[in-house]
Protein chains: 2
Amino acid sequence: MHSIKDVANLAGVGVGTVSRVINNIGSVKPVTRNKVIEAIRELNYVPNQVARNFKMQRSYLVSLLLPSIFNQFFSELAYHIEDELDRNGYQLLLCNSGGKPEKELYYLDMLKQNKVAGIIGITYNDIEEYIHTDIPIVSIDRHFSKQITCVTSDNFEGGRIALKELVKAGANNVAFIGGATSINSETRNRKKGFIHEAEAMGIPYVVYEEPDPIADDIAFIKRFLKKYPEVNGVFAITDMLAAKYIEIAKRSGLRVPEDVKVIGYDGIQDHEYFHPVLSTIRQPVEQMARKAVQLLLKKIEGESVEHEDFIIAVEYWQGETT
Amino acid sequence: MHSIKDVANLAGVGVGTVSRVINNIGSVKPVTRNKVIEAIRELNYVPNQVARNFKMQRSYLVSLLLPSIFNQFFSELAYHIEDELDRNGYQLLLCNSGGKPEKELYYLDMLKQNKVAGIIGITYNDIEEYIHTDIPIVSIDRHFSKQITCVTSDNFEGGRIALKELVKAGANNVAFIGGATSINSETRNRKKGFIHEAEAMGIPYVVYEEPDPIADDIAFIKRFLKKYPEVNGVFAITDMLAAKYIEIAKRSGLRVPEDVKVIGYDGIQDHEYFHPVLSTIRQPVEQMARKAVQLLLKKIEGESVEHEDFIIAVEYWQGETT
């Protein structure tokens, strides 16, 4: 017996579109509607009215909880998450938590009341005690000990690549700079990979950190420059921190990349119209977004998810700063 | 008799928080909860159970329809819209239309089915025939002849300021470059204000346009540079187009701002870590976002909205390109 997915595949449209045609809701272009109707006829597809009615009472909302959509990495992530949800007939409820735990907990509560079908969350707060494994949640960049499914980029490998690329560009005295989170955030692996590779290669390194979020990053960078004038290779935990470091280093007379090579993390620049174009470890944002949605939908459908962590490969983007 | 707004004001919290406390849904910090309870006692506030129940059956979802959240102007707008909605107990459904009319129409249809309470829309498509004035919609940057409430920045004045600032910086042969929309988009007023002021001041100007969206903006800029080598002041319809123009002009040997002054529109750079820092007409994004939400909520509540267009003042940001 054929499923709605088979109809969607044959018609070359998303499941959401087939659903709109069957339920006669929403707007579907006549040409698309005809394709769907033809596919239904060809497969002799009979929508299960009971199942469908039951489903129609479910929520098709998925909430995306993130610190702020006004951040290029998060907005790119949200773009692809919404697209993947839409292809599957779901809609996206956006919640800027502003990093506030009470706002995050409010959304978890909505989940418990079945007002949303699931949550994709990016949180740096310690809300762990409120999270139960029996509700559909997928986390991005954050591990929970209770085995919430987590999708991340390969931060450890990213740190290793950064060290190797700094050395390849000529640095022999390197530093990691960034905010240190107290919780088990995946971003900590950037530092770990960096240190691991520096020790393996016998390169002298320093780690310069402050608790995250860094209250005054300009002052933080100035203190770093004063304390470690001999450093000639810097790996910053994010592209924004790398850009700030470069600006302040330049004002203090350092040339980038001549005097100091710099690598960031994220890959927020998708063009070369603003300078410096950063050398960076590019997060596989689209893949992370689609994977997170696919895993969440499996959980919502009650399917088992094989692994609890999905780590997606990063790549190095050569810019003007190494 | 006191309203829920009075309670919220006295407690120093949003209406949404008071609602969460009264209905015992969501999570509210104990200290906040106590403030709300104290305010309820002090005002002797009695929630109208019937009205409240009726309201609870309403949708508290507002959908934001925009071409793509992966665009800094739109993501900043979305950030403030979500924040203003949250303060009023509403939630944001995000829809990247990708500029596709069928996706926009799908959301309009959800509105008709009362699944969303209202829509804030940014669309450059001609979906006018589907829009009825009796449903709560607020448009940003786009006029509809059917008198949909529209919130915009003062694009005409922005164009006038751009011309004056180019001239002040020394330009005497100026150009407007950008995409031309066929619909009644507010962005067209940038050009109109620019022309108006150039004619008033007697400055020679050219308008170089292609239908929006410009398919190949690099080629577009190259053709412009070839055709008008004498231009020494450029006003680009967006910051991104300004940045692209600058990069290509530099590659062809022009210095910015020495040989040509450039002004963009939007104000997407909120820091000075990437260069050039553009001289630009800054959109009042936060004010536009909050105003759009406030107007929409008035419409949802059935209140009359005094004006149909709300034009918010822009400001000039001096960067490195004039």
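For the residues A:Glu258, A:Glu272, the requirement of being surrounded by fewer than 18 Cβ atoms within 10 Å (Cβ to Cβ), at the interface with chain B (Cβ under 10 Å from one of its Cβ atoms) and outside any strand (DSSP E or B) singles out A:Glu272.
Residues that are under 17 Å from A:Ala313 (Cα atoms) and either without any contact (Cβ under 8 Å) to a residue 40 or more places away in the chain or hydrophobic (A, V, I, L, M, F, W, C) (or both) number at least 2 in the following strands (runs of 3 or more DSSP E) confined to the range A:146-220: A:149-153. Here's a check for you: in the range B:275-298, which residue that is closer than 21 Å to B:Phe70 by Cβ and within 12 Å of chain A (Cβ to nearest Cβ) is surrounded by the fewest Cβ atoms within 10 Å (Cβ to Cβ)? Selected residue: B:Glu286.
Looking only at residues in the range A:56-77 that are facing chain B (nearest Cβ under 10 Å) and without any contact (Cβ under 8 Å) to a residue 40 or more places away in the chain, the one that is surrounded by the most Cβ atoms within 10 Å (Cβ to Cβ) is A:Ile69. Among the conditions (1) on the phi < 0 side of the Ramachandran plot; (2) within 14 Å of chain A (Cβ to nearest Cβ), the only one that B:Asp266 does not satisfy is (1).
Picking from residues in the range B:242-255 that are more than 10 Å from chain A (Cβ to nearest Cβ) and either closer than 22 Å to B:Arg190 by Cα or not charged (D, E, K, R) (or both), the one that is surrounded by the most Cβ atoms within 10 Å (Cβ to Cβ) is B:Ala249.
Please find, within the range A:263-297, the residue that is nearest to A:Asp86 (Cα to Cα) out of those that are among the basic types (Lys, Arg) and out of contact with any Gly (no Cβ under 7 Å at 6 or more places or on another chain). Write out each step before concluding.
Pass one, the range A:263-297, residues among the basic types (Lys, Arg): A:282, A:290-291.
This time we only want the ones that are out of contact with any Gly (no Cβ under 7 Å at 6 or more places or on another chain), so: A:290-291.
Details: A:Arg290: 11, A:Lys291: 14 Å.
My answer is A:Arg290.
Rundown of residues vs (1) more than 14 Å from chain A (Cβ to nearest Cβ); (2) at pLDDT below 75; (3) not in a helix (DSSP H, G or I), yes/no style:
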site: B:Gly99; (1), (2), (3): no, yes, yes
site: B:Met110; (1), (2), (3): no, yes, no
site: B:Asn114; (1), (2), (3): no, yes, yes
site: B:Tyr124; (1), (2), (3): yes, yes, yes
site: B:Ser139; (1), (2), (3): yes, no, yes
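Among the residues making up the range B:190-218, none is farther than 16 Å from B:Ala171 by Cβ and of a type in the set (Phe, Trp, Tyr). Restricting attention to the range A:78-94 and to residues that are of a type outside the set (Asp, Glu), more than 7 Å from chain B (Cβ to nearest Cβ) and under 16 Å from the mean Cα position of the chain (by Cα), the residue that is surrounded by the fewest Cβ atoms within 10 Å (Cβ to Cβ) turns out to be A:His80. Scanning the range A:250-264 for residues that are of a type in the set (A, V, I, L, M) and over 19 Å from A:Ala162 (Cα atoms) returns a single hit, A:Leu254.
The values are calculated or read from the model by the stated rules, or taken from the named source; none is laboratory data. The shown structure was predicted, so the numbers you read here are calculated from the model rather than taken from an experiment. Don't worry about glycine lacking a Cβ; one is built from the backbone with ideal geometry, like all the others, and counts go over all protein chains shown.
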